[in-house]
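Following: one structure in structure tokens, then a few remarks.
The values are calculated or read from the model by the stated rules, or taken from the named source; none is laboratory data. This is a predicted model, so every value here is computed, not measured. With ideal geometry, Cβ positions are generated from the backbone for all residues, glycine too; neighbour counts draw on all protein chains shown.
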Amino acid sequence: MSGGLIVLGVIAVLVIYLIVIYNGLVALRNKIENGFSQIDVQLQRRYDLIPNLVETAKGYMAHERETLEAVIQARNAAQSAAKRAEGNPIDGAAIRDLAGAEAVLGSAMGKFFALAEAYPDLKANQNMMQLQEELASTENRIAFARQAYNDAVMHYNTKRESFPDLLIANNFGFKEAQMLELEDKEARQAIKVKF
């Protein structure tokens, strides 16, 4: 009789332990989703600022139409990629697509600001200065939110790859999460301005 109770007790402890592991993985996955939501809020803010910035610059940079259109196209592509990633921030392909679209947008914005430097009246425009300040503030918020998201991804991936958690993760569909790394080799190079 006491042997049966011991076996039953061990099974109960094991089941409770497995439940704790499962719940821990769920909590970390939710933390990733929340972290991405924070990024998404800031990205949307940036996406909303960019058309205003381009509209302000249009009057001054009328003959730079190609650059202005490239910025808007890159913004739209990044916004679409963000919406796809928002639906499933654990999906590595969606996160990689977002990182790529954000790199293109960053490059287009870099060219835009380099060209804007050639227009003293535009640089002195109060609306342009305010929009640039808001955009810089938003970029800082995006970087902070991205860091928090990547920390959550690292913690989740470490837990799902550790034993015995990996047994639960593999059997219950806890897939590896992808960090959001915005790497743009072109943006790291100096932008060449032609007059």
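Somewhere in the range 142-161, is a residue touching a Gly at 6+ places or on another chain (Cβ under 7 Å) and surrounded by fewer than 18 Cβ atoms within 10 Å (Cβ to Cβ)?
yes
Look at the range 75-87 and say how many of its residues are more than 12 Å from the chain's Cα centre (by Cα) and either among the polar types (S, T, N, Q) or surrounded by fewer than 16 Cβ atoms within 10 Å (Cβ to Cβ) (or both).
Residues of the range 75-87 more than 12 Å from the chain's Cα centre (by Cα): 75-77, 80, 87.
Going one step further and asking which of them are either among the polar types (S, T, N, Q) or surrounded by fewer than 16 Cβ atoms within 10 Å (Cβ to Cβ) (or both), we end up with 76, 80, 87.
Result for the range 75-87: 3.
Testing residue 52 on (1) surrounded by fewer than 17 Cβ atoms within 10 Å (Cβ to Cβ); (2) closer than 22 Å to residue 150 by Cβ; (3) of a type outside the set (D, E, K, R); (4) in contact with a Leu (Cβ under 7 Å, 6 or more places away or on another chain), one condition comes back false. Which one is that?
In the conditions (1) surrounded by fewer than 17 Cβ atoms within 10 Å (Cβ to Cβ); (2) closer than 22 Å to residue 150 by Cβ; (3) of a type outside the set (D, E, K, R); (4) in contact with a Leu (Cβ under 7 Å, 6 or more places away or on another chain), residue 52 misses (2) alone.
Restricting the range 92-141 to residues that are crowded, with 17+ Cβ neighbours inside 10 Å and of a type in the set (Ser, Thr, Tyr), which is nearest to residue 46 (Cα to Cα)?
138
Among the helices (runs of 4 or more DSSP H) contained in the range 60-128, which hold 1 or more residues that are modelled with pLDDT of 90 or more and touching a helix residue (DSSP H, G or I) at 6+ places or on another chain (Cβ under 8 Å)?
On the way: elements: 65-87, 92-116, 120-124.
Because the criterion is at least 1 residues that are modelled with pLDDT of 90 or more and touching a helix residue (DSSP H, G or I) at 6+ places or on another chain (Cβ under 8 Å), the helices (runs of 4 or more DSSP H) in the range 60-128 that meet it are 65-87, 92-116.
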